[in-house]
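The values are calculated or read from the model by the stated rules, or taken from the named source; none is laboratory data. The model shown is predicted, which means the values in this text are computed figures rather than measured ones. Positions of Cβ are generated from backbone atoms using ideal geometry, with glycine treated the same way; all protein chains shown enter the neighbour counts. Areas reflect the complete protein model, heavy atoms only, side chains present, ligands, DNA and RNA absent. Shrake-Rupley method; radii C 1.70, N 1.55, O 1.52, S 1.80 Å.
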Amino acid sequence: MQVKVKINGKEYQDDVEPRMLLVHFIREKARLTGTHIGCDTGNCGACTVLFNGRTIKSCLMLAVQANGAEIMTIEGLSTNGLHPIQDAFLEKFGFQCGYCTSGMILSAYVLLQSNPQPTDHEIREALEGNLCMCTGYQQIVESISYAATKMKEAGK
Amino acid sequence: MAQIKQTIKPNGKYMGRRIMRKEDPRLLSGKGAYVDDIHLPNTAHVAFLRSEHANARITKLDISRARALAGVIQIVTGADLRGVVENIPPMGVLPDLFVPQHPVLATDRVRYVGEPIAAVLAENPYIAQDALELIHVEYDPLPVVVEMEKAIEPGSPLVHEQSKSNVAGTFKLDSGDIERAFRKADRIVTGRFVNQRVAPMPMEARAVQADYQAGEKMLTVWSATQIPHLLRSSLSRLLKVPENRLRVIAPDVGGAFGGKLNVYREEVLLPLLAMRLGRPVKWIETRRENMRAMIHGRDQINYVELAVTKDGRMLGLKCRTLADIGAYPQMLTAAIPTLTAIMATGCYKIPALSFELTDVFTNKMATDAYRGAGRPEATYLIERIVDMAAAELKMDPAEIRSRNFLKSSEFPFTTPSGLIYDSGNYKTCMDKALDLAGYNKLRQQQERARKQGRLMGIGLSTYVEICAMGPATSDPPGGGWESATVRIEPSGKVTVLSGASPHGQGEETTYAQIAADQLSVPFDDVTVIHGDTASVPPGVGTFGSRNTAVGGTAVYMSAQKIRTKMEAIAANLLEINPKNIVLRDGTLQSKLNPKKSVSVREVARAAYTAKKLPPGMEPGLSETSFFSPKNYTFPFGTHVCVVEVERETGEVKIIKYVAMDDCGKVINPMTVEGQVQGGIAQGLGQALYEEIIYDDNGQLVTGSLMDYAFPKATQLPEYICDRTETPTTSNPLGVKGVGEAGTIGATPALVNAVVDALAPYGIQHLDMPLKPEKVWRTIEEKPEAR
């Protein structure tokens, strides 16, 4: 089946099997490998991307379902250096092995759009769909909280 | 926001400081390269057919329909490997260990659910999965051995018919006069503690890619591994490929926690398939596969007896341990529980020890190293029994610990198991932890809470662990040396090549800190390369909290050698005595006249132009060192956990968590903090939620992340972390290692807190995980609760 998807502002068109998962389309067809796969049940959140502005798990959606959609992956978060959330993850050490990080950052991005000054508890709730095996989450929470402060200061 | 205290001063310009990691910008922007991100043209994709039975004969295996499927390239079964590669032997063994044949693919018999039977090679992963469904297997199911206590009963079905029983091997430790200790005791406190089977669960499951360049006769293997060099040696031996025609690359690795410290069947098969096929091959493990076929951790039952006097002095410790090792011992399977034995007396001066370990075969996946690897089990058993003794003697848990701690003046201390603890300051560390937690106030709060009918508990865990694996001469073997090459390039930039293979720990940064300080160059001028056997010196790998203590010391030693050489070159250029040269702020200058100086860059240029070198000196600025430690290191700490148990639901809420760790000198407090916190999370995960469950038929019940309760952000607390700093004498950097501390300290702290909370009901012990239902039922069963 023909599928046309806009990923990070660029159009990708391909003939794919109807059963192809969106995450495989992103990784194999668009060759955007910042989106990772950590499970096969939609639990871990490593494959989180933005689908028309909302977070989805790209392992739970077929590529054909994304026909006509606008997707944003970690590669599309910032075209010029690091986004303030990425900067915050760097400064507050919000990750270790980096495998869950793309998903974490995109979940944080969506959270901060709707709630620019979240409490720690609200941040933790927003990360319900993202697992991290390295950090024990605290430094992720600190990173997002710090990013919120920085973004407010910068008026973003 | 969480309270993070940093009371320790840095010990260098870069060392000891919180420095952002070099690896981070690429990982943050999706530019990391994990195995699955590396695309080679014309790759064939591999999927494994795995056993659906825990114990069965394979009576028929028909691949014809699968073979005929369009897009299937080849299907390989165990029969195809006869005479090619038949057995993957373990490394860590016990003298009497029964070592079964461990095939790459099962032929006529399977012994656990998930055991690989056939490999499909196809044009894409979807077709490979389709083909698996078309393979027809007939099984003749056999009785299944699941519970280790039943497995060793006479008449139990056998996992391996060639062995006399399901006892795989034994290990015994006797020290001091244990019988006299128990005769002299006022009280003997006993407990049976189950340390349940859990999964290491790295976020990236296993992944292997292999490519054979026939022209160059070069086999390249990319694997998400902790041990590229050990894997290369094993593959060379097993596949009969010369080691210098084999290149193993561990690219970015998405966590491992011990799970990738192994040589797996799939890792052996993929390179063989690449050679046979003449095409690159790739296997990316699914999470469901990973939970069945990557090693598990823990799985011990400990029968513990502690002999104490009425004033709380510990006289002797007896422990009988059963360790479920699954069906086939993997690389270090048999070695792991011996670490429990040798660390069983913990921080305490206990004169007599008797430890009897029995490894048991069952129809399950093997256990092996999972973060802590034998030490969490040791700390758990001793910290639980000490708390039970305190309760029985009506002593404060801090007081009984304090009375039995080794004193700082007693180091180096030879333990009953023959280890030599390097250094320690247990009492100071515990006191600081109690202060930070506000222990006395917490006890008052607890008293008030109890009067109100609330179930508040305070748990302590004081641990010592064994790290920086380890002396090559030790028994059991400790891991040995690690290597590093430090090279100043002609431009003055510095390259560090490490034999260790970090995968999230941050050594691209900490090694650069060490090198930058020793060579007096800017941190940004240092690049650290690791994980590629073709470019780095021989190495051992990353495990046993050894990277900084052993690998970092090798970096330090190489940098020292370069420094000496630079001093000689500089002295020659400046025409002064090398003894009068000092390296400061990127220049080598005369001690007597600082204006007489040359920069590191100028010295580097001189080293490579080789025109003005001292007579007889070789050109270049590159040095390699192998550091082989004489002793382990023994980090320690105190964790304090405060909980409240919901009476109506059994839910455990963590109110406060304080960790006071001592890992010796610290290179980067930020990465240390990360290691501690992540470790605590995994320790709490085991204590509260996680458990690998096999049913009576040996079927894996917790076979996906839907069923296996890995903790989420809302389920874990904030951690309040601080440190004391007691340098080790085992290496010149004074660093001890911190990769596993959190996992070791956290589990008993949590369980001790919950048991303390439930003390009003007369509850003395509860086995992990402390899920609400279990806690609730335990309360309900007590008459005091009615």
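Mind counting the residues in segment B:721-753 that are charged (D, E, K, R) and crowded, with 24+ Cβ neighbours inside 10 Å? Please lay out each step first, then the result.
In the first step, residues of segment B:721-753 are kept if they are charged (D, E, K, R); the result is B:722-723, B:725, B:736, B:740.
Remaining after also requiring crowded, with 24+ Cβ neighbours inside 10 Å: B:723, B:736, B:740.
Within segment B:721-753, residues that are charged (D, E, K, R) and crowded, with 24+ Cβ neighbours inside 10 Å number 3.
Pairs meeting the criteria (first residue in segment B:215-227 and under 26 Å from B:Gly479 (Cβ atoms), second residue among the acidic types (Asp, Glu) and crowded, with 24+ Cβ neighbours inside 10 Å, beta carbons under 7 Å, at least 6 apart or on different chains) are B:Ser223/B:Glu267; B:Ala224/B:Glu204. Looking only at segment B:371-389, which residues are among the charged types (D, E, K, R), open to solvent by 10 Å² or more (accessible area, probe 1.4 Å) and under 17 Å from B:Ala753 (Cβ atoms)? B:Asp387 - this is the single residue of segment B:371-389 that is among the charged types (D, E, K, R), open to solvent by 10 Å² or more (accessible area, probe 1.4 Å) and under 17 Å from B:Ala753 (Cβ atoms).
Please tell me if B:Glu567 is crowded, with 17+ Cβ neighbours inside 10 Å, part of a helix (DSSP H, G or I) and in contact with a strand residue (DSSP E or B) (Cβ under 6 Å, 6 or more places away or on another chain). Let's see the steps before the verdict.
Values: crowded, with 17+ Cβ neighbours inside 10 Å: yes; part of a helix (DSSP H, G or I): yes; in contact with a strand residue (DSSP E or B) (Cβ under 6 Å, 6 or more places away or on another chain): yes.
Judged against the criteria, B:Glu567 is a match.
Has segment B:434-452 got any residue that is small (Gly, Ala, Ser), assigned by TED's automatic domain parsing to the domain that holds B:Glu740 and part of a helix (DSSP H, G or I)? There is at least one residue in segment B:434-452 that is small (Gly, Ala, Ser), assigned by TED's automatic domain parsing to the domain that holds B:Glu740 and part of a helix (DSSP H, G or I). Going through (1) farther than 30 Å from B:Ala709 by Cβ; (2) within 11 Å of chain B (Cβ to nearest Cβ); (3) crowded, with 17+ Cβ neighbours inside 10 Å; (4) in contact with an Asp or Glu (Cβ under 9 Å, 6 or more places away or on another chain) one by one, A:Gly81 falls short only on (3). When residues in segment B:345-392 are screened for being charged (D, E, K, R) and assigned to a strand (DSSP E or B), 2 of them pass.
For segment B:711-720, state whether one or more residues are of a type outside the set (Ser, Thr, Tyr), more than 8 Å from every other protein chain (Cβ to nearest Cβ), outside any helix (DSSP H, G or I) and surrounded by fewer than 20 Cβ atoms within 10 Å (Cβ to Cβ).
The first filter runs over segment B:711-720 and keeps only residues of a type outside the set (Ser, Thr, Tyr), leaving B:711-713, B:715-718, B:720.
From what's left, more than 8 Å from every other protein chain (Cβ to nearest Cβ): B:711, B:715, B:717, B:720.
Pick out the ones that are also outside any helix (DSSP H, G or I) and you get B:711, B:717, B:720.
Applying the additional criterion that residues be surrounded by fewer than 20 Cβ atoms within 10 Å (Cβ to Cβ) yields B:720.
Checked segment B:711-720: at least one residue is of a type outside the set (Ser, Thr, Tyr), more than 8 Å from every other protein chain (Cβ to nearest Cβ), outside any helix (DSSP H, G or I) and surrounded by fewer than 20 Cβ atoms within 10 Å (Cβ to Cβ).
Only one of B:Tyr511, B:Tyr556 is of a type outside the set (S, T, N, Q), modelled with pLDDT of 95 or more and open to solvent by less than 30 Å² (accessible area, probe 1.4 Å). Can you tell me which?
Values: B:Tyr556 fails: open to solvent by less than 30 Å² (accessible area, probe 1.4 Å).
From the options B:Tyr511, B:Tyr556, the qualifying one is B:Tyr511.
Filtering segment A:27-44 for residues that are over 13 Å from A:Thr73 (Cα atoms) and touching a Gly at 6+ places or on another chain (Cβ under 7 Å) leaves a non-empty set.
The set of residues in segment B:237-292 being at the interface with another protein chain (Cβ under 10 Å from one of its Cβ atoms), within 25 Å of B:Glu508 (Cα to Cα) and in a strand (DSSP E or B) consists of B:Asp252 alone. Per the listing B:Ala119, B:Ala79, the residue uniquely farther than 26 Å from B:Ile336 by Cα, touching a Phe, Trp or Tyr at 6+ places or on another chain (Cβ under 7 Å) and of a type in the set (Gly, Ala, Ser) is B:Ala119. Just one of (1) surrounded by fewer than 19 Cβ atoms within 10 Å (Cβ to Cβ); (2) at pLDDT 95 or above; (3) within 14 Å of chain A (Cβ to nearest Cβ); (4) in contact with an Asp or Glu (Cβ under 6 Å, 6 or more places away or on another chain) fails for B:Ala2. It is (2). Of all residue pairs spaced 6 or more apart or on separate chains, those with beta-carbon atoms under 7 Å, a first member in segment B:723-746 that is within 17 Å of B:Met15 (Cα to Cα) and a second member that is of a type in the set (A, V, I, L, M) and open to solvent by 20 Å² or more (accessible area, probe 1.4 Å) are B:Arg723/B:Ile8; B:Glu725/B:Ile8. Against the definition (over 18 Å from the mean Cα position of the chain (by Cα) and either at pLDDT below 95 or of a type outside the set (Gly, Ala, Ser) (or both)), how does B:Leu716 come out, yes or no? Yes: the conditions hold for B:Leu716. For segment B:518-536, state whether one or more residues are open to solvent by less than 10 Å² (accessible area, probe 1.4 Å) and not in a loop (DSSP other than H, G, I, E, B). Yes: one or more hits. Only one of the numbered conditions (1) surrounded by fewer than 18 Cβ atoms within 10 Å (Cβ to Cβ); (2) outside any loop (DSSP other than H, G, I, E, B); (3) among the charged types (D, E, K, R) is not met by B:Asp756, and that is (1). For A:Thr119, the conditions (1) in contact (Cβ under 8 Å) with a residue 40 or more places away in the chain; (2) more than 10 Å from chain B (Cβ to nearest Cβ); (3) over 23 Å from A:Gly42 (Cβ atoms) are fulfilled apart from (1). Within segment B:739-752, at least one residue is within 14 Å of another protein chain (Cβ to nearest Cβ), in contact with a Pro (Cβ under 7 Å, 6 or more places away or on another chain) and of a type in the set (Ser, Thr, Tyr). Of all residues in segment B:276-312, those that are touching a Leu at 6+ places or on another chain (Cβ under 7 Å), closer than 30 Å to B:Leu393 by Cα and not basic (Lys, Arg) total 9.
Out of everything in segment A:19-70 that is of a type in the set (Ser, Thr, Tyr) and not in a loop (DSSP other than H, G, I, E, B), what residue ends up being surrounded by the fewest Cβ atoms within 10 Å (Cβ to Cβ)? Steps first, please.
At the first step, the residues of segment A:19-70 found to be of a type in the set (Ser, Thr, Tyr) are A:33, A:35, A:41, A:48, A:55, A:58.
Those left that are additionally not in a loop (DSSP other than H, G, I, E, B): A:48, A:55.
Numbers: A:Thr48: 28, A:Thr55: 21.
Selected residue: A:Thr55.
When segment A:128-147 is filtered for residues that are free of Cβ contacts under 8 Å to residues at least 60 places away in the same chain, farther than 17 Å from B:Gly506 by Cα and within 8 Å of chain B (Cβ to nearest Cβ), the ones remaining, listed by number, are A:Glu128, A:Tyr137, A:Gln138, A:Val141, A:Glu142, A:Ser145.
What do you reckon, is B:Ala378 touching a residue at least 60 places away in the same chain (Cβ under 8 Å) and of a type outside the set (Asp, Glu)? Full working, then the answer.
Working: touching a residue at least 60 places away in the same chain (Cβ under 8 Å): no; of a type outside the set (Asp, Glu): yes.
For B:Ala378, the condition - touching a residue at least 60 places away in the same chain (Cβ under 8 Å) and of a type outside the set (Asp, Glu) - is not met.
Contact map, segment B:53-79: first residue at positive phi, second residue crowded, with 17+ Cβ neighbours inside 10 Å, Cβ cut-off under 9 Å, separation 6 or more or different chains; pairs are B:Gly71/B:Ala122; B:Gly71/B:Tyr126; B:Gly71/B:Ile127; B:Gly71/B:Ala128; B:Gly71/B:Asp130; B:Gly71/B:Ala131.
Could we say that B:Gly678 is in contact (Cβ under 8 Å) with a residue 40 or more places away in the chain, within 30 Å of A:Gly45 (Cα to Cα), open to solvent by less than 10 Å² (accessible area, probe 1.4 Å) and at the interface with another protein chain (Cβ under 9 Å from one of its Cβ atoms) here? Even if it seems obvious, please write down each step before you answer.
On the way: in contact (Cβ under 8 Å) with a residue 40 or more places away in the chain: yes; within 30 Å of A:Gly45 (Cα to Cα): yes; open to solvent by less than 10 Å² (accessible area, probe 1.4 Å): yes; at the interface with another protein chain (Cβ under 9 Å from one of its Cβ atoms): yes.
So B:Gly678 passes the test.
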